[in-house]
Each structure stands twice: as C-alpha cells, then as structure tokens.
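Heads up, the thing below is written out as structure tokens.
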Amino acid sequence: MTSLYDDGCTLTGALSVTTEIARCITLIHGPSGCAHHNFSLLHALHAAQGRMVPPLLISTDMTEKEVIFGGERLLEETIRSVVKRRPDLVCVLSTCVTATIGDDVDAVCHGSYQTPVVHIPTGGFIGGGFLDGHIQALVSLSLPAKESEKTPSVNLIGEKTLEYEVNEHYQEIKRLLSLVGVPVNVRFVSGTTFHDLAHLGRASLNILRDPSMVPVGEHLKREFGTPFIESFPLGMEGTLRFLERVGSHFSIDVTGAVTGEEAIQKAMVQDFSSLKGKRIIFDASPMTDVHSCYGYELAEMLELEIHEQGDPVPLPDPFPVGTSGIRRLLQRWRRRCHA
Amino acid sequence: MKQIALYGKGGIGKSTTSANLSAALSEQGLDVLQIGCDPKRDSTRMLMQGRLIPTVMDLVREQGDRTLTLEDVVYRGYHGVRCVEAGGPEPGVGCAGRGIIATFQILERLGALRADVVVYDVLGDVVCGGFAMPMREGYAEEVYLVTSGELMSLYAANNICKAISRLSSRARSRCRLAGVICNAKNLPREEELVAEFAQKIGSSMVQFIPRDQVVQQAELNKKTVVQYAPASGQAEIYRSLARQITGNCRLDIPVPLEIEDLEALAYDFSL
C-alpha cells in the first residue's frame, strides 16, 4: 500500500483523473479545505494548459459536527443535490477525516441515484501519495466497464494530466500508432466521456503512460484480459522498438513504418547538425539512470561531448515522448548551446 | 478545587462508584459536579433519580453549540450534586473521542467546570486521545483506578496506567495517579491482590468496596446507595471513600507492569 517514493496527497492524484472526465462532478467528502486547496491547484494547472473552465469540484464541507456524529447523511444529501445537476457521473472521493472516523462511503455510494456514483477511496494518511490516488482512481473507474468484444485498437492508460505537453505526447503517440494503422480506443483518462469508459474493454492492447501505471495495467489485464506495453515510447531507438512491439502484438508487418520513422530521425539529426561537437552537461534536474540513458543516446547520435564545463542542457523528467518529443528537446538544447 | 477522574474496565462499576462518591462528598457539604464522559450517558442516572438528562452532544446535534447555556447542560441531582453528561454519536458511527474533546471545550467556554470537587466518570478504556481528555490540559489532576481482582479488570487498569504515565511525563501535565479503588467481585484474597497490585504500580489502594446486594437494590430503585440505604454498611463504605479522597494527598506517576508480571501476580493470588 505504501509507496516509498510517492509523496503528495492521494486526493490530488485521484482528482487529476476525475476532473478529466467530461460532465463528471467530483464530490470530496471532507472538510472544505481539502477541496479548496486542490481546486486552486487544479484550476491553476488547467489554466496553464488553456482550460479556463474551473474544475467541477464540490465539497461536502464537513465540520466538527459530522466528525463526531458521522458524515454519512451529509454525504447522501450532497450526492442527491449534485445528481440534480444531471451530470453523467459523480465521483466521490473520501478524505483523511472520513477514513479516520470510518464513514461507510462505499455503502452510501451504492444507494439508488439517477446517476452512476463511483467511490474512490483516497484517505491520504493510510500511506499513499499522489501516485496511489492516480492508480486508485483509474482502478475504481474501470469497474463500471463491461467486458466486450475486442477490436484492433489500443487504450492509452494513465496519461499524467497535470504534466506539461500532455497533448503533444498524445499527438505523437497517435501519429506513431497511425503509422502502423492502429487507432486509439479510449484515453484512460484524458478528456474522456463516461460513455468512453464503458468501452474500456474493447481495446486489444493497453499502452501505459509509464511503468508507474503497471498496477493499473495488471488490473485491466485481469478484468478484460488486455495485455499492456508499460510505457509510451521514449528515445530514438525506443521509439523504433515501440513500433515493432505494437506491430508484433497486432501481427502487422511494420518494416515500412520503422524504416520511415528512422528516416525522419536521421533527417532530424541533420537539422540539428549545428550542435555537432558541442560540449554539454545535463542540468540539475532530478533524474534516474534509466532516464539519463536517453540523454546519452542523443549526445552520441548528435556527436556531442558530455563535459563538466559544457553548456547545461535540460533532461526533463518525464522524458518527452517519441521522435517529436526529441525534436522539441533538441530545440531547447540548441538555444542553450547558442548553436 | 479538587478534580478527580475515575477510570477502569467497562462494567466494573465506575458509574456506581462515582455516583455514590459524589453523593457522599455532597453530604460533607461540598459543591460537587459529576461529568459523565461515556457516550452511553448513564453515569449520573442514579443521582438524577433515574432520569436520563440531555447530553451536551445531544444539544449540539439539535441546536448547535452557539446558543447553549449553563442551564441547558447542568442538572441538579441528589443533595444538590450537579450533573453533566457528555454523550456522543450513535453507536457505530462518527467519532466519540472527538465528542469528548468538543464537550470539554463547550464546558470550558460556559465556565461549567467549577466546583469544590469535579468528578469525571470516564468510559472503560482510554481508547483514543479523546478519552484521555479529562487527564489532559489540567482537567483531572487525580486519577483513581477502579478495578476488581479479576485479571481482565487489572489488565485494563494497568493499561490506563500507561496513559497516565505517558501524559504525566509532559512538562506541563499535572495529572497523577491518586490511588486504586477495589470494587470487589467477592473473589478469594481479592483485597490483598488489589492492594499488592496498587503497590506494585507505585500507588496504594484507597478503599475496598465489598460486593453487596444493596447496590443492586438501590439501582433498581433509581437511587444511589447513599440515598436509598443511608444507614447501611455499604453507604458507610462510600462515605469512607469520600473521606479518603478528600484527605488524600498522595499523587504518583505509576509504573505499569509488564503483562507477564501482571499475570504472575494474579496467578499467585488464585492459589
């Protein structure tokens, strides 16, 4: 349950999912502060992505009275008033307080309402952080989906909706998949509708945003028998291998697609030939060995020297997706090296 | 002002002892306030001639805490003993411990916690921080443990010692163990055993209360023994307890026993 390197609030992780579902109202069962803090954060991050509509977030505004006498009635009343607004879905998120006093949120959510109500347990003190909330929300939201006949398509699982370049990453993976002729079935979850969620089982392959989403991949594999690839494509070589893996899953010959992409990558290296021979050093962003290897790969292909006195260049974590992601990164490197 | 709290295993007779103690103290001419700190709300029932008085938490639930007055929460019972019940949520929901904390804040704000003697009658075990509230913030300064000679009862008393010793280690804490009250179950050598237990945890037994039918009879008549059978030997025992407590100035930081030692002690006295 406890992830050693996961910090932040479980609630925020779950909200990064539920606020991405169209016509879904998220109800936070807890004191108003839990909602206010997260509302501000989400609104600011959404605004930075150009989404000006405030997230549909409501608090049950629990007070000491509910802490003492129990908050189940307040929750039920609030769900009923929220349902009157006719959303497609209501997601109920519990908080530290409601988990501590033992409100049976699950039972209240299973009551009879005109709108589907999904409970996502997010009492943060239990040990989870942001990532656990993200995983928990996806697992809970997969429950209403039914097993259905498979079509040759993929789901994108666990896009990090609060990171930069979410849409750029999506466009790139869509482009790569189109090279091998595979469509996206459901983005689970980013700009998704409640209707989409029901068809989660249709895809014959799940592509996880990154390996932190493996618990969700495993869950969906158990529920719908869908195998998964554990990460979006990263790095030059990684992007080519990704095409091959997708191809092999669908038994499609991808030789042409790989050759084509390789040619694009070579041309890109040519475009940035002014960087050749420059001295660089990766700047101080936190990084793991796995992720710094993409930096070394690029340095080698562009014939850059990694040197202590080199120009500091960014090596962002998460690393940008696919060939297009690398192109955007190289533009930043070129500016840093004044090449 | 003397502020005492009675703690002990559920069903051991804390409320009966508290009510009789309060009655006996008031007969000494003292102004006594008894505060029931158990959601079961039956601490003051005998003092109130069987009446279940409205609890602080009931009133908060019904009308909120803004408009509460002293008259809403304090009720006069036998011999002028003033009675308060904290109350709490319905069984199985919410957080009773937080209810106790909220009650104390309300009583404090209303200036209710003033008397010659304040008797806090607290739920069986100190299950969470809320039920340790009477021991904190300088409310009860003298804790009395109510126990019989049964192992489970001693076990609960020993556990409460852990809470007292932890709380009393805080610099500003004035909470101390004042003594052990043996509410007997009529076990062989019970008085010796409880006296030995009291001494081993670094305290003393202040009163041995033998088991007597009259307690049950008084309760069925919705009265304390002191009121129902004032001339009885049992009433005299409660008066003796009241004198012991008014005269007691021994306050200790207890040393809880290891479970093995406690079991060995009970075993020794069972032979």
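Summary of values
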{"item": "Top-ranked residue in region A:256-294 [being of a type in the set (V, I, T) and under 21 Å from A:E172 (Cβ atoms); ranked as modelled with the lowest pLDDT]", "result": "A:V290"}
{"item": "Complete set of residues in region A:174-195 that are assigned to a helix (DSSP H, G or I), open to solvent by 50 Å² or more (accessible area, probe 1.4 Å), farther than 27 Å from A:A14 by Cα and in contact with a strand residue (DSSP E or B) (Cβ under 9 Å, 6 or more places away or on another chain)", "result": "none"}
{"item": "So A:P152, is it more than 22 Å from the chain's Cα centre (by Cα), over 30 Å from B:P91 (Cβ atoms) and open to solvent by less than 20 Å² (accessible area, probe 1.4 Å)", "result": "no"}
{"item": "Exclusive hit being at pLDDT 90 or above, surrounded by 18 or more Cβ atoms within 10 Å (Cβ to Cβ) and either assigned to a helix (DSSP H, G or I) or aliphatic (A, V, I, L, M) (or both), set B:L187, B:L177", "result": "B:L177"}
{"item": "Region A:38-91, residues that are free of Cβ contacts under 8 Å to residues at least 12 places away in the same chain and under 30 Å from B:F104 (Cβ atoms)", "result": "A:E64, A:K65, A:E66, A:I68, A:F69, A:R73, A:E77"}
{"item": "Considering residues of region B:41-77 that are in a loop (DSSP other than H, G, I, E, B) and of a type in the set (A, V, I, L, M) only, the residue nearest to the other protein chains (Cβ to nearest Cβ)", "result": "B:L68"}
{"item": "Matching entry among A:A263, A:A339, A:A299 (being assigned to a helix (DSSP H, G or I), over 26 Å from A:L179 (Cβ atoms) and either of a type in the set (G, A, S) or open to solvent by 70 Å² or more (accessible area, probe 1.4 Å) (or both))", "result": "A:A299"}
{"item": "Enumeration of residues in region B:15-32 that are aliphatic (A, V, I, L, M) and either open to solvent by less than 10 Å² (accessible area, probe 1.4 Å) or within 23 Å of B:G130 (Cα to Cα) (or both)", "result": "B:A19, B:L21, B:A23, B:A24, B:L25, B:V32"}
{"item": "Subset of region A:75-89 (residues that are within 14 Å of chain B (Cβ to nearest Cβ) and surrounded by fewer than 21 Cβ atoms within 10 Å (Cβ to Cβ))", "result": "A:E76"}
{"item": "Failed item in (1) over 17 Å from the mean Cα position of the chain (by Cα); (2) away from chain A (no Cβ under 14 Å), with B:P91 passing the rest", "result": "(2)"}
{"item": "Every residue from region A:201-213 that is buried (at least 17 other Cβ atoms within 10 Å of the Cβ) and either in contact with a helix residue (DSSP H, G or I) (Cβ under 7 Å, 6 or more places away or on another chain) or not in a loop (DSSP other than H, G, I, E, B) (or both)", "result": "A:G201, A:R202, A:A203, A:S204, A:L205, A:N206, A:I207, A:L208, A:S212, A:M213"}
{"item": "Single match in B:I35, B:I12 (criterion: in contact with a Phe, Trp or Tyr (Cβ under 8 Å, 6 or more places away or on another chain), of a type in the set (V, I, T), surrounded by 23 or more Cβ atoms within 10 Å (Cβ to Cβ) and more than 14 Å from chain A (Cβ to nearest Cβ))", "result": "B:I35"}
{"item": "Some residue of region A:111-119 being in contact with a strand residue (DSSP E or B) (Cβ under 8 Å, 6 or more places away or on another chain), touching a residue at least 40 places away in the same chain (Cβ under 8 Å) and open to solvent by less than 40 Å² (accessible area, probe 1.4 Å)", "result": "no"}
{"item": "Members of region A:224-256 that are within 20 Å of the chain's Cα centre (by Cα) and open to solvent by 50 Å² or more (accessible area, probe 1.4 Å)", "result": "A:E230"}
{"item": "Set B:A163, B:A218, B:A195: member being in contact with a strand residue (DSSP E or B) (Cβ under 7 Å, 6 or more places away or on another chain) and aliphatic (A, V, I, L, M)", "result": "B:A195"}
{"item": "Long-range neighbours under 8 Å by Cβ, at least six apart or interchain, first residue among the β-branched types (V, I, T) within region B:233-257, second part of a helix (DSSP H, G or I)", "result": "B:I245/B:L21; B:I245/B:L25; B:T246/B:L25; B:I253/B:I164; B:I253/B:S165; B:I253/B:S168; B:V255/B:C161; B:V255/B:S165"}
{"item": "Residue check, A:P312 farther than 20 Å from A:L234 by Cα and open to solvent by 40 Å² or more (accessible area, probe 1.4 Å)", "result": "yes"}
{"item": "Hey, A:L220 farther than 30 Å from A:H199 by Cβ and either of a type outside the set (D, E, K, R) or loosely packed, with under 13 Cβ neighbours inside 10 Å (or both) or not", "result": "no"}
{"item": "Filtered residue count, region A:90-125, keeping only those that are more than 14 Å from every other protein chain (Cβ to nearest Cβ) and over 29 Å from the mean Cα position of the chain (by Cα)", "result": "4"}
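For every residue, the table says whether it meets (1) within 14 Å of chain B (Cβ to nearest Cβ); (2) of a type in the set (D, E, K, R).
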| site | (1), (2) |
| --- | --- |
| A:A48 | no, no |
| A:D61 | no, yes |
| A:E66 | yes, yes |
| A:R73 | yes, yes |
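The values are calculated or read from the model by the stated rules, or taken from the named source; none is laboratory data. Keep in mind that this is a model prediction, so the values were computed, not measured. Every residue, glycine among them, receives a Cβ derived from its backbone with ideal geometry; neighbour counts consider all protein chains shown. For accessibility, only protein heavy atoms count, side chains too; no ligands or nucleic acids. Shrake-Rupley method; radii C 1.70, N 1.55, O 1.52, S 1.80 Å.
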